[in-house]
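**Q** Encoded as C-alpha cells, here's the structure I'll be asking about.
The values are calculated or read from the model by the stated rules, or taken from the named source; none is laboratory data. Here the structure is a predicted model, which is why all the values come from computation and not from measurement. Glycine also receives a Cβ, built like all others from the backbone with ideal geometry; neighbour counts cover every protein chain displayed. With ligands, DNA and RNA removed, areas are computed over all heavy atoms of the protein, side chains included. Shrake-Rupley method; radii C 1.70, N 1.55, O 1.52, S 1.80 Å.
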Amino acid sequence: MKKYELRDTAVTLLSRIGDQGGYSHLLLDQTIRNKGFDSRDTGLLTEIVYGTLSYKLTLEYFLRHFVTKKLESWAKWLLLSAFYQMYVLDRVPDHAVIHESVEIAKQRGHKGIASLVNAVLRNAQRKGFPKLDDIQDPAERISLETSHPKWLVQRWIAQYGEKTAREMCAVNQVEKPISVRVQPMLITRDEAMEELESQGFTVRPSNINPQGIIVEDGNILKSDLFLSNQVTVQDQTSMLAGQMVDAAAGMTVLDACSAPGGKTTHIAETMENEGKLYAYDLHAKKAKQVQQKAEKLNLTIIESNQADARNLQERHQPESFDRILLDAPCSGLGVLRGKPDIKYHKSEKDVLSLASIQADLLEQVAPLLKKDGKLVYSTCTVDQAENEQVVRAFLEQHPNFEVDPEFQADLPQAVKNAPGLTDAGLQVFPQDFDTDGFFLVRLVRKG
C-alpha cells in the first residue's frame with residue numbers, strides 16, 4: 001500500500017458519497033475489491049467512511065468554529081474525517097491523524113492548504129471541540145449531538161416524544177450486530193451455531209426468529225456456511241416480516257416488491273419449497289437478482305419477474321393469493337445504522353410522496369387476496385406517515401379488511417410488549433432489539 005493511501009482513499013470516497021450522491025455501500029465494496037486492502041485496513045477504512053458520514057452534521061458544526069472560508073470538497077472531507085478520528089475514535093493517536101492529514105493535503109493541494117489543515121487540527125487538539133450541552137432547543141441539540149437533520153428530529157419528537165426520538169437518533173450512530181438466517185432444508189440453527197462456534201465465531205440465537213442467528217464476533221461473509229449458502233445475511237426485523245406472512249406448504253403466495261429477495265426466499269423456506277411464490281420488482285435487473293438468490297438457496301417454487309406492483313391486476317385474477325407480502329418502497333429511515341448517508345438525502349416532502357405511493361400500492365394489491373387470506377404490509381422506516389397512517393386510511397376505506405385478530409398473538413414473545421405496538425401494527429424502533437427500524441402489520445380479508 002502506498003503511504004497514506006488508506007486515509008486518502010477515505011477522502012475520495014467521502015467526497016463521492018457526500019457531495020456527488022454515490023451509494024456508500026456500493027462504492028465502499030467496489031473500492032475494497034479494487035484496492036485489495038487486507039482485513040485490518042478494510043476495517044479502518046470502513047470505520048472512517050461510515051463514521052464520518054454518520055457524524056457529518058456534528059463534524060460540520062465543529063468545522064464552522066475553526067474555518068470560515070469555503071474549502072474544496074476534498075479538503076473539507078479531509079478535515080471532517082480527521083475530526084471524526086479525533087472526536088470519536090480512540091484507536092489512532094491524534095498526532096498520527098494530524099500528521100497523515102497534513103501529508104495528504106500536501107499531495108492533493110499546495111503548501112497553503114497543508115498549513116491550514118495543520119493549523120485547524122492542532123487548534124482542535126489544543127482547544128477541544130465545541131460543547132453541545134448549552135444548546136437550548138431540544139431538537140437542535142439532538143440534531144447536532146447525533147447528526148440527524150433537524151426537520152427529522154422535530155418530526156420524530158412530534159410523533160413519538162423527545163425521549164424516544166433521542167434514543168433512536170443515538171442508537172443510529174452505533175453499528176448493529178450482523179444476523180443471519182439458516183436455510184432450514186440444508187441445516188438446522190443448532191447445527192449452524194455449533195459449526196460457526198467451532199470456526200471461532202461468537203454467536204447466539206435470535207429470540208425474534210427461529211431461523212435467526214446473531215453473529216457477535218467474526219466475519220460471517222468468509223465462513224463456510226455463508227459461502228455454501230446454508231446461511232444468508234438478513235436483519236432480524238426483516239425475518240419477522242417473512243415469518244408473519246404465515247405461509248404454508250402448498251399455498252399460492254405473492255411478494256409484490258421482492259428485491260433483493262431476502263423475504264421472498266424466507267417465505268419459500270417457510271413453505272418448505274412446496275406451492276407457488278410469485279415475486280415481482282419494478283426493475284428487471286433486481287427481479288433477476290431475486291431469481292438468482294432463490295437458485296443459490298435451492299428454492300424452486302419462486303417465479304420472479306419485472307412488474308410495477310400497482311399493475312399486477314393485469315397479470316393475476318382477483319382473489320388469487322392465499323398470502324401477500326407488500327414490503328413497500330419507503331424512505332429507509334429505519335436502516336440508518338447501516339446506510340447513514342440516507343438521512344442527508346431525504347426531505348419531509350420525500351416522506352409524504354412515498355406515503356402516497358405506498359397507499360396506492362396497498363390499494364392495487366389488496367384485491368388479489370383471497371377471502372380469509374392474509375396480507376402483510378411492511379416498511380424499513382419509522383415514520384408514521386408511511387406506516388400507521390397508511391394502514392389506518394386503507395382500513396377506513398375498505399371495511400372488508402381488518403387487522404388480523406391473531407396478529408399480536410402470533411408475534412414472537414420477545415416483541416409482544418414492544419413500545420411501538422398499536423392497534424395499527426408493530427413499529428420496531430432500532431433501540432428496541434438492537435436491529436433496524438421496521439414496521440409491519442398483518443391484515444385479513446373478511447370471508
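**Q** Across region 62-83, what is the number of residues that are within 21 Å of residue 140 (Cβ to Cβ) and crowded, with 20+ Cβ neighbours inside 10 Å?
**A** 3
**Q** Only one of 429, 433 is in contact (Cβ under 8 Å) with a residue 24 or more places away in the chain and over 20 Å from residue 154 (Cβ atoms); which?
**A** Checking each option against the conditions leaves just 433.
**Q** Mind checking which pairs have a first residue in region 188-206 that is closer than 12 Å to residue 224 by Cα and among the polar types (S, T, N, Q) and a second that is part of a loop (DSSP other than H, G, I, E, B) and open to solvent by less than 60 Å² (accessible area, probe 1.4 Å), Cβ under 9 Å, 6 or more apart or different chains?
**A** Within 9 Å, the pairs are 199/218; 199/223.
**Q** Next question, about the same structure. Using the structure shown, decide if residue 239 is open to solvent by less than 10 Å² (accessible area, probe 1.4 Å) and either modelled with pLDDT under 95 or within 25 Å of the chain's Cα centre (by Cα) (or both).
**A** Here the answer is yes, as residue 239 does meet what is asked.
**Q** Among the numbered conditions (1) assigned to a helix (DSSP H, G or I); (2) in contact with a helix residue (DSSP H, G or I) (Cβ under 8 Å, 6 or more places away or on another chain), tell me where residue 26 comes up short.
**A** (2)
**Q** Here's a follow-up. Taking only region 418-447 into account, find how many residues are more than 23 Å from the chain's Cα centre (by Cα) and either under 15 Å from residue 208 (Cα atoms) or aliphatic (A, V, I, L, M) (or both).
**A** Qualifying residue count for the region: 2.
A quick yes/no check of all residues on (1) open to solvent by 10 Å² or more (accessible area, probe 1.4 Å); (2) touching a Pro at 6+ places or on another chain (Cβ under 9 Å); (3) at pLDDT 95 or above:
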| position | (1), (2), (3) |
| --- | --- |
| 86 | yes, no, yes |
| 118 | yes, no, yes |
| 135 | yes, no, no |
| 155 | yes, no, yes |
| 159 | yes, no, yes |
| 163 | yes, no, yes |
| 171 | yes, yes, yes |
| 181 | no, no, yes |
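**Q** Just one of 65, 95 is in contact with a Pro (Cβ under 6 Å, 6 or more places away or on another chain) and part of a helix (DSSP H, G or I); which is it?
**A** Going through 65, 95 in turn, the sole match is 65.
**Q** Related question: With respect to residue 141, is the statement that it is modelled with pLDDT under 95, at negative phi and more than 24 Å from the chain's Cα centre (by Cα) true?
**A** No.
**Q** Considering only region 323-343, I want to know if a residue exists there that is without any contact (Cβ under 8 Å) to a residue 24 or more places away in the chain and over 20 Å from residue 245 (Cβ atoms).
**A** Yes, some residue in region 323-343 is without any contact (Cβ under 8 Å) to a residue 24 or more places away in the chain and over 20 Å from residue 245 (Cβ atoms).
**Q** Name, by its number, the condition in (1) open to solvent by less than 60 Å² (accessible area, probe 1.4 Å); (2) more than 18 Å from residue 338 (Cα to Cα); (3) of a type outside the set (A, V, I, L, M) that does not hold for residue 199.
**A** (1)
**Q** Do any residues in region 150-162 that are over 16 Å from residue 437 (Cβ atoms) have Cβ atoms under 8 Å from those of residues that are part of a helix (DSSP H, G or I) and of a type in the set (A, V, I, L, M, F, W, C), where the two are at least six apart or on different chains, and which pairs are they?
**A** Between residues of region 150-162 that are over 16 Å from residue 437 (Cβ atoms) and residues that are part of a helix (DSSP H, G or I) and of a type in the set (A, V, I, L, M, F, W, C), the close pairs are 150/139; 154/139; 162/142.
**Q** Additional query: Tally up the residues in region 308-346 that are outside any loop (DSSP other than H, G, I, E, B), closer than 27 Å to residue 169 by Cα and open to solvent by 20 Å² or more (accessible area, probe 1.4 Å), please.
**A** Qualifying residue count for the region: 4.
**Q** Report yes if some residue within region 251-261 is open to solvent by less than 10 Å² (accessible area, probe 1.4 Å) and free of Cβ contacts under 8 Å to residues at least 60 places away in the same chain; otherwise report no.
**A** Scanning region 251-261, I find at least one residue that is open to solvent by less than 10 Å² (accessible area, probe 1.4 Å) and free of Cβ contacts under 8 Å to residues at least 60 places away in the same chain, so the answer is yes.
**Q** Taking residue 267 as the residue in question, decide whether it is closer than 24 Å to residue 442 by Cα, within 21 Å of the chain's Cα centre (by Cα) and open to solvent by less than 10 Å² (accessible area, probe 1.4 Å).
**A** So residue 267 fits the description; yes.
**Q** Here is a further query. If you check 417, 400, which single one turns out to be closer than 23 Å to residue 246 by Cα and at pLDDT below 95?
**A** 417
**Q** Scan region 266-292 for residues that are in contact (Cβ under 8 Å) with a residue 40 or more places away in the chain and polar (S, T, N, Q) and jot them down.
**A** The one that is in contact (Cβ under 8 Å) with a residue 40 or more places away in the chain and polar (S, T, N, Q): 273.
**Q** Further question on the same structure: Where in region 354-447 are there strands (runs of 3 or more DSSP E), lying wholly inside it, with at least 2 residues that are open to solvent by less than 10 Å² (accessible area, probe 1.4 Å)?
**A** 369-379, 425-428, 438-445
**Q** Looking only at region 1-23, which residues are in contact with a Phe, Trp or Tyr (Cβ under 9 Å, 6 or more places away or on another chain) and either open to solvent by 80 Å² or more (accessible area, probe 1.4 Å) or not in a helix (DSSP H, G or I) (or both)?
**A** Once the filter is applied, which keeps residues that are in contact with a Phe, Trp or Tyr (Cβ under 9 Å, 6 or more places away or on another chain) and either open to solvent by 80 Å² or more (accessible area, probe 1.4 Å) or not in a helix (DSSP H, G or I) (or both), region 1-23 yields 1, 19.
**Q** Between a residue in region 379-400 that is more than 21 Å from residue 156 (Cβ to Cβ) and hydrophobic (A, V, I, L, M, F, W, C) and any residue that is open to solvent by 10 Å² or more (accessible area, probe 1.4 Å) and part of a loop (DSSP other than H, G, I, E, B), which pairs come within a Cβ distance under 7 Å, given they are 6 or more apart or on different chains?
**A** No pair meets every condition.
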